[in-house]
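The values are calculated or read from the model by the stated rules, or taken from the named source; none is laboratory data. Source: prediction; values computed, not measured. Reconstructed Cβ throughout: ideal geometry from the backbone, glycine too, with neighbour counts over all protein chains shown.
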Amino acid sequence: MPEAPYQIPTMAEMKSKGEIPEVLFWVGCAGSFDDRYKRVTLAFVKILNAAQIRFAVLGTEETCTGDPARRAGNEFLFQMQATNNIQVLNGYGIKKIVTACPHCFNTIKNEYPELGGNYEVIHHSAFLQQLITEGKIKFTGGAFKGKKITYHDSCYLGRANNIYEAPRSVLEALDADLVEMKRCRTTGLCCGAGGAQMFKEPEKGFKDINVERTEEAISTGATTIAVACPFCMTMMSDGVKNKNRESDVQVKDLAELIIEAQG
Amino acid sequence: MVQQIAFIITLGVAVYFIRKRILLIRSTIKLGKEKIINDNKSARFKNLLLVAFGQKKMFKRPIPAILHLFIYVGFLVINLEVLEFVIDGLFGTHRIFAPYLGGFYNVLMNLFEFLAVAVLLSCVFFLIRRNILKVKRFWATEMNGWPRLDANIILLTEIVLMIAILTMNASDQVLQERLSDHYPATGALLFSSLLVPSFQSLDTATLIFIERAAWWFHIVGILAFSVYITYSKHLHIFLGFPNTYFAKLEPKGHMENMPVVTNEVKMMLGIADANAVSSATPGRFGAKDVNDLSWNNLLAAYSCTECGRCTAECPANITGKKLSPRKIMMDTRDRMEEVGTSLAKNGSGLNDGKSLLGDYITKEEINACTSCNACVEACPVLINPLEIILELRRYVAMEESGAPSAWNSMFQNIETNFAPWKFSPSDRFNWANELKK
């Protein structure tokens, strides 16, 4: 479809043409189905197109990595998912995977090797950082100058995989005024959704974790809370709603911010 | 001679009890599942050196780190003096090293005294932090009763033991002037000499009594304390070291694989490796009791000194949920002690009708965990409460099918729709329609 503005080839299409992509974009369930995070998927695809990255997606062949099942204790279901996914990935001879979900990232990178899936796995924050360094993402400039942005560390990127600087360097490239919360990097407070919490109500307590975290983010004076994870996106957005600050505080993914900066 | 006999008996009794406890602790840790940890020795030694010897993680909070460092160095160095105590006690000598070491003995003694004072003051500060300033993490519910008393006993004992050293040295210095034949010269001792003026007025017999009493008090105190430690959270002074060595090296996000399940899944999918060894009895999935955890998890429970840095960082705990990673470790240890002690008396052990999950740790606690690894990151001796929580969850989900109903729905969605939400798998690629237009 050379006339279409954006290319989103699937692995099946590529294979039928005898092509091999540079990288597989693993969209993830949230990126595929969650209305809010679909916008992140679209933003990332736009960037990949603009940077002329030869990528592909699995389309309907992609399934849940099994992360929430494993964290909730259902190892059978996790391994069923993992084994099936690995068969598909290995079938296509995938070598390199990029994903905008830290949970998918962690599972494919750290847990698939033991089950026979060995790939170079990159989170989109590191991928974006690389594209910026290589000059493949260009900014028309100034959209974020002087704007306060705070970055909320995803546990599955940060503590789980020691990725603290890539998302921050993306934000710095936007020329934004990056302000840190007191609890950041290794001591960053969870949004409350990890470990399959996303899929049930919290236990009884005196406060919701996302509200606690959102209060901290808002107290920095930032008008944008940058996130790099679909679950953090949901939790922080709900937190902002809870605080009735939707009019002046926005929750955005790194890829969306790059698109905004490009005007 | 009487003193020598008394000393040998005292030492023998202490060694007997310490040995008994070490054997019990060893066999209790061995209740855990086998796990071979012999990879990447250099990275493990690095953890041991930096985190245990170097106290690296303590320095995230500088004030307690410095106070703790004084007590830690004091413990390592003052124990050299205990060697002299033991030799003197066995052979009826007095300060046996003094004549051999000469001027260096004075340097050593002054170093010991400096550390004794530093330990003493640090312990006083710690008592104030715990009991007067009431630092929040020391007042969580799991600290009520014995754990808080245990902490205070440790600090008070250390203070009293340090006072004994200083008293002994002060009276010894006066006796060196009066009975130089029996009391070898140590040279001036900076800190205890401050006490000397108040000792000068006492008669020699009283001084001899005070010196001996302080000596006996110190050595008996140390021996008794050594036995006490094996029952106490203070065991971290020994087990913290191996715990850092055997700590997990994989990225924190990595969750332990279950090879038993891998075999079954591959058989179900018809892709089983013909050479795969199928274990006859897969045993229990996940953990219900301490013997379902790895020995490494159990060692960690004995290494925990209940500082509560994990709990202070836990998002669930901060927002009022029942989960406390410190309590997970304390419960594991309490259950291990219960089983281990029972087995030592030929009791019912694990078959006492109780279990770690249910009688100690509730589902409400483990369900509240976000697996964020804040507790793991916070621990100064690399304890991993998350591993235990996740193993308990595995038991609940796979053996009891007792996961929260919302999770069961999520499982069902993944099974039927290949996504944790109820969306049709054929719609998975619909997000692209907008851009394809």
| query | Wholly within the stretch A:71-153, which strands (runs of 3 or more DSSP E) include no fewer than the required count, namely at least 1 residues that are closer than 17 Å to A:GLN262 by Cβ? | reply | A:148-151
| query | Just for the stretch B:419-437: of the residues that are assigned to a helix (DSSP H, G or I) and within 7 Å of another protein chain (Cβ to nearest Cβ), which one is surrounded by the most Cβ atoms within 10 Å (Cβ to Cβ)? | reply | B:TRP431
| remark: Filtering the stretch B:86-107 for residues that are touching a residue at least 12 places away in the same chain (Cβ under 8 Å), surrounded by fewer than 18 Cβ atoms within 10 Å (Cβ to Cβ) and among the hydrophobic types (A, V, I, L, M, F, W, C) leaves a count of 4
| request: Of the conditions (1) under 16 Å from the mean Cα position of the chain (by Cα); (2) farther than 20 Å from A:LYS252 by Cα, A:ILE86 clears all except one; give me its number. | output: (1)
| request: Quick one: which residue in B:PHE104, B:PHE112, B:PHE126 is over 24 Å from B:GLY221 (Cα atoms) and aromatic (Phe, Trp, Tyr)? | output: B:PHE104
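Within the group A:VAL227, A:VAL240, which residue is under 17 Å from the mean Cα position of the chain (by Cα) and farther than 23 Å from A:ALA72 by Cα?
Values: A:VAL240 fails: under 17 Å from the mean Cα position of the chain (by Cα).
Of A:VAL227, A:VAL240, the one residue that is under 17 Å from the mean Cα position of the chain (by Cα) and farther than 23 Å from A:ALA72 by Cα is A:VAL227.
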| query | Hey, does the stretch B:412-419 have a residue that's farther than 21 Å from A:GLN81 by Cα and not basic (Lys, Arg)? | reply | no
| Options B:ALA300, B:ALA247, B:ALA224: the member that is within 30 Å of B:GLY74 (Cβ to Cβ) and not assigned by TED's automatic domain parsing to the domain that holds B:LEU31 | B:ALA224
| message | Looking at (1) more than 21 Å from the chain's Cα centre (by Cα); (2) more than 7 Å from every other protein chain (Cβ to nearest Cβ); (3) part of a helix (DSSP H, G or I), which one does A:GLU212 not meet, given that it meets all the others? | response | (2)
| Where residues in the stretch B:164-223 are in contact (Cβ under 8 Å) with a residue 60 or more places away in the chain, small (Gly, Ala, Ser) and assigned to a helix (DSSP H, G or I), which of them is surrounded by the fewest Cβ atoms within 10 Å (Cβ to Cβ)? | B:GLY221
| query | Do the conditions hold for A:SER125, that is, is it within 11 Å of chain B (Cβ to nearest Cβ) and farther than 26 Å from A:PHE76 by Cα? | reply | no
| query | On the given criteria, is A:GLY117 small (Gly, Ala, Ser) and at negative phi? | reply | yes
| remark: Pairing a residue in the stretch A:45-69 that is over 19 Å from A:GLN79 (Cβ atoms) with any residue that is assigned to a loop (DSSP other than H, G, I, E, B) and acidic (Asp, Glu), where Cβ atoms lie under 7 Å and the two sit 6 or more apart in sequence or on different chains, gives A:ILE53/A:GLU22; A:ARG54/A:GLU22; A:PHE55/A:GLU22
| request: Identify the residue in the stretch A:164-175 that is part of a loop (DSSP other than H, G, I, E, B) and surrounded by fewer than 20 Cβ atoms within 10 Å (Cβ to Cβ) and, among all such residues, is farthest from the other protein chains (Cβ to nearest Cβ). | output: A:ASP175
| message | Looking at the stretch B:54-68 only, could you name the residues that are touching a Phe, Trp or Tyr at 6+ places or on another chain (Cβ under 8 Å) and more than 14 Å from B:PHE126 (Cα to Cα)? | response | B:GLN55
| request: Could you tell me whether A:CYS64 is closer than 19 Å to A:PHE199 by Cβ, more than 10 Å from chain B (Cβ to nearest Cβ) and not in a strand (DSSP E or B)? | output: no
| When the residues of the stretch B:390-418 are filtered to those that are of a type in the set (A, V, I, L, M, F, W, C), in contact with a Ser or Thr (Cβ under 9 Å, 6 or more places away or on another chain) and crowded, with 23+ Cβ neighbours inside 10 Å, which remaining residue is farthest from the other protein chains (Cβ to nearest Cβ)? | B:LEU390
| request: Would you be able to tell me the number of residues in the stretch B:255-267 that are surrounded by fewer than 20 Cβ atoms within 10 Å (Cβ to Cβ), at the interface with chain A (Cβ under 7 Å from one of its Cβ atoms) and within 24 Å of the chain's Cα centre (by Cα)? | output: 0
| request: Those residues that are of a type outside the set (S, T, N, Q) and facing another protein chain (nearest Cβ under 9 Å), I need them from the stretch A:12-36; list them, please. | output: A:VAL27, A:CYS29, A:ALA30, A:GLY31, A:PHE33, A:ASP34
| note | Expected output for the stretch A:209-234 (first residue crowded, with 22+ Cβ neighbours inside 10 Å, partner β-branched (Val, Ile, Thr) and part of a helix (DSSP H, G or I), Cβ below 6 Å, 6+ apart or cross-chain) is A:THR214/A:VAL240
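Does any residue of the stretch A:15-26 turn out to be in contact with a Ser or Thr (Cβ under 8 Å, 6 or more places away or on another chain) and either of a type in the set (A, V, I, L, M, F, W, C) or more than 25 Å from A:THR107 (Cβ to Cβ) (or both)?
Checked the stretch A:15-26: at least one residue is in contact with a Ser or Thr (Cβ under 8 Å, 6 or more places away or on another chain) and either of a type in the set (A, V, I, L, M, F, W, C) or more than 25 Å from A:THR107 (Cβ to Cβ) (or both).
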| message | Criterion first (within 20 Å of A:THR214 (Cβ to Cβ), modelled with pLDDT of 95 or more and polar (S, T, N, Q)) does A:THR187 satisfy it? | response | yes
| query | Can you tell me which residues in the stretch A:37-58 are within 8 Å of chain B (Cβ to nearest Cβ) and closer than 16 Å to A:PRO102 by Cβ? | reply | A:THR41
| Among A:ALA255, A:ALA228, which is under 25 Å from A:LYS46 (Cβ atoms) and in contact with a Pro (Cβ under 7 Å, 6 or more places away or on another chain)? | A:ALA228
| remark: Across the stretch A:176-198, the tally of residues that are aliphatic (A, V, I, L, M), surrounded by fewer than 19 Cβ atoms within 10 Å (Cβ to Cβ) and within 7 Å of another protein chain (Cβ to nearest Cβ) stands at 0
